[in-house]
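Since the structure comes first, as structure tokens, the remarks are kept for the end.
The values are calculated or read from the model by the stated rules, or taken from the named source; none is laboratory data. Keep in mind that this is a model prediction, so the values were computed, not measured. Cβ sites come from the backbone with ideal geometry, for glycine too, and all protein chains shown count toward neighbours. Side chains are part of the model used for accessible areas, which takes the heavy atoms of the whole protein and leaves out ligands, DNA and RNA. Shrake-Rupley method; radii C 1.70, N 1.55, O 1.52, S 1.80 Å.
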Amino acid sequence: MRRLTLVRHAKSDWNNADLKDFDRPLNRRGLKEAPQMAERLAAQKIRPDLMLTSPAVRALETARVLAKALDYPLRRLKTEDRLYLGPAADILAVVRGVGSRVRHLMIFGHNPGLSAFAQSLTNDRELGELPTCAVYTMELDIRSWADARLGEGLNPSLQHPKRLLDLLR
């Protein structure tokens with residue numbers, strides 16, 4: 001079994017119209033929610049073997065917050081250009097290219113591609129769009145990442161900041 005965790009970047013800042021989409025940082029809400037989700041995952045003892053992120057500022061900032069909380073060395077955090085607004089097919093290609101030693105892969109990306117990929121892996125048509133800072137985890141019954149196929153994601157689990165607030169009420 002392999003474990004795949006998909007993370008949509010936290011809420012980004014749209015206030016500076018001069019910034020390119022790629023360069024948008026996290027906004028105040030994103031800077032609050034990313035550490036909350038990171039703390040939640042750390043409490044669950046989530047330990048990815050490899051973290052891959054879109055190089056866009058908002059995704060990279062989210063990945064760094066989670067990496068720090070999960071005791072994942074920042075120097076091992078890898079950027080992957082195909083994760084920046086990539087369609088589901090590109091994300092699947094990234095997954096299939098991961099080495100066989102990796103048992104738990106965590107990917108940070110963007111909608112709509114990340115949500116489409118999550119839905120395709122688990123055949124969960126009711127999933128809809130992953131909210132910002134959502135963490136969607138599943139298992140894949142495969143020997144290597146090269147064997148990853150759509151529709152084969154098992155035991156999916158969705159966590160996101162709004163759901164955390166609902167649980168605390």
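Before rounding to the nearest 500, sum -39500 (n - 2.57) across all DSSP H runs of length at least 4 in the chain and divide by the residue total; then give [θ] at 222 nm in deg cm²/dmol.
Only helices count here, giving -10000 deg cm²/dmol.
Roughly how many Å² is the accessible area per residue of the chain, as a whole number, for a 1.4 Å probe?
53
Give me the extension gain from D21 to N155: residue separation times 0.36 nm, minus the current Cα-Cα distance, reported in nm with one decimal.
Stretched out fully, the D21 to N155 stretch lengthens by 44.9 nm.
Report Rg (one decimal) and Dmax (nearest whole number) for region 40-113, counting Cα atoms only, units Å.
According to the Cα coordinates of region 40-113, Rg and Dmax are 11.9, 32 Å.
Count the DSSP beta bridges whose two residues both fall in the chain, then state the antiparallel fraction as a percent rounded to the nearest 5.
Once the DSSP bridges in the chain are tallied, antiparallel ones form about 50 percent.
Would you mind computing, in nm to one decimal, how far apart the modelled labels at E126 and Q44 are, each placed 7 Å from Cα along Cα→Cβ?
1.9
Within 10 Å, count the other beta carbons around each residue, average over each peptide in 58-69, 119-130, and list them highest first.
58-69, 119-130
Obtain the nm distance between the two label points defined at K68 and R143 by a simple spin-label model: each point lies 7 Å from its Cα along the Cα-to-C-beta direction.
About 4.2 nm, to one decimal.
How about K32: which aspartates and glutamates have a C-alpha closer than 18 Å to its C-alpha, ignoring those fewer than 8 places off in the same chain?
Of all the aspartates and glutamates, those that pass the test against K32 - Cα under 18 Å, at least 8 places apart if same chain - are D13, E61, D166.
Taking a cut-off of 20 Å between Cα atoms, list the lysines near K45, but don't count ones fewer than 8 places away on the same chain.
Counting by Cα, and skipping residues close in sequence, K45 has these lysines nearby: K68.
Which one, W14, N27, A38, is farthest towards the positive end of the dipole of region 1-40 when Lys and Arg carry +1 and Asp and Glu -1 on their Cβ?
A38
Take every Cα pair under 8 Å in the chain that's 6+ residues apart, average their separations, divide by the length, and report that relative contact order as a whole percent.
Over the chain, the number comes to 31 percent.
Leaving out ligands, DNA and RNA but keeping every protein chain, what accessible area does H110 have, in Å² rounded to the nearest 10, with a 1.4 Å probe?
10
Ignoring ligands, DNA and RNA, what percent of the 1.4 Å accessible area of region 12-117 is carbon and sulfur?
Values: 2800 of 5570 Å².
C and S fraction of accessible area: 50 percent.
According to the Kirkwood expression over distinct Cα-Cα pairs, how big is the hydrodynamic radius of region 67-163, in Å? Intermediate results must be reported in sequence, preceding the final value.
Values: mean 1/r = 0.0709 Å⁻¹.
Kirkwood radius, region 67-163: 14.1 Å.
Using +1 on the beta carbon of Lys and Arg, -1 on that of Asp and Glu, and nothing else charged, what's the dipole of the chain about the Cα centre, debye to 20?
Charge dipole of the chain: 520 debye, to the nearest 20.
For a quick check of understanding: with a 1.4 angstrom probe and all protein chains in place, what accessible area in square angstrom does D21 have, to the nearest ten?
Probe radius 1.4 Å; accessible area of D21 about 50 Å².
Expressed as a whole number of Å, what is the distance separating the alpha-carbon centroids of region 104-163 and region 64-102?
Region 64-102 and region 104-163 have Cα centres spaced 13 Å from each other.
Looking at the square roots a ≥ b ≥ c of the eigenvalues of the Cα gyration tensor of the chain, which shape do they give, rounded for a/c under 1.5, prolate if a/b is larger than b/c, or oblate?
Rounded, since a/c falls under 1.5.
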